[in-house]
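Accompanying notes for the structure given below.
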Amino acid sequence: MALIDTLLDTVFGDNGLRRTAEVFRENAEAAGARAADRHAAALEQFGAEFAAAERTRFDRVMDAVNRFPRPALALGTLGLFVSAMVDPVWFGARMQGLALVPEPLWWLLGAIVSFYFGARHQAKGQEFQMRIARGMARGSGLHGGQARLRRSGAQSPGIARSDSDAALTLDAVRPDANPALEAWRHDAGRR
């Protein structure tokens, strides 16, 4: 009997079966925990990388100046349509002048505008990702607070735990007086 107990204890006891199975198949729970730890560490590193970015007055002024070209281009294009309707001769003279611009200069203008807006798009995208990383780093502390709330029994805000006190339970479910509702019921009863 002792031999059978020893054999069964070796196979099933002390996690022997689980360790044997993990040779052939990865433990999904442990893999998930490792992936979550790796993800949290990457977010923490990303947040720490951008945490010291202090914006100076020059940065704010340059950001304001950089906001000018897109609205200027949009409003300028609308202005061209208006000027074409208001004074077609003036508009035609300006368009003939633009027709005289050589093609390589148009290519250069296109490259400058593309690089400007592309760089701006990339900078703003990285700034957005940085704000998300900061929020995620701050949000990771929320999980512990939620777990503490769950353990304390506060499942629903505004609901008192009365446990075995019947009078307290009745007080909790009895509605308070509502004069407006009572007046409405009184008026509805007269009709």
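Quick notes
- Within the range 143-168, if we keep just the residues that are aliphatic (A, V, I, L, M) and touching a helix residue (DSSP H, G or I) at 6+ places or on another chain (Cβ under 9 Å), the residue that is modelled with the highest pLDDT turns out to be 159.
- Checked against the criteria, residue 65 counts as under 45 Å from the mean Cα position of the chain (by Cα) and among the aliphatic types (A, V, I, L, M).
- Selection count, the range 113-142, where residues are modelled with pLDDT of 80 or more, among the aliphatic types (A, V, I, L, M) and over 10 Å from the mean Cα position of the chain (by Cα): 4
- Screening residue 59 against (1) of a type in the set (D, E, K, R); (2) over 32 Å from the mean Cα position of the chain (by Cα); (3) closer than 20 Å to residue 124 by Cβ leaves a single unmet condition, (2).
The values are calculated or read from the model by the stated rules, or taken from the named source; none is laboratory data. Only a predicted model underlies this, so the values are computations on that prediction, with no experimental measurement involved. Using ideal geometry, Cβ is built from the backbone for each residue, glycine included, and neighbour counts are taken over all protein chains shown.
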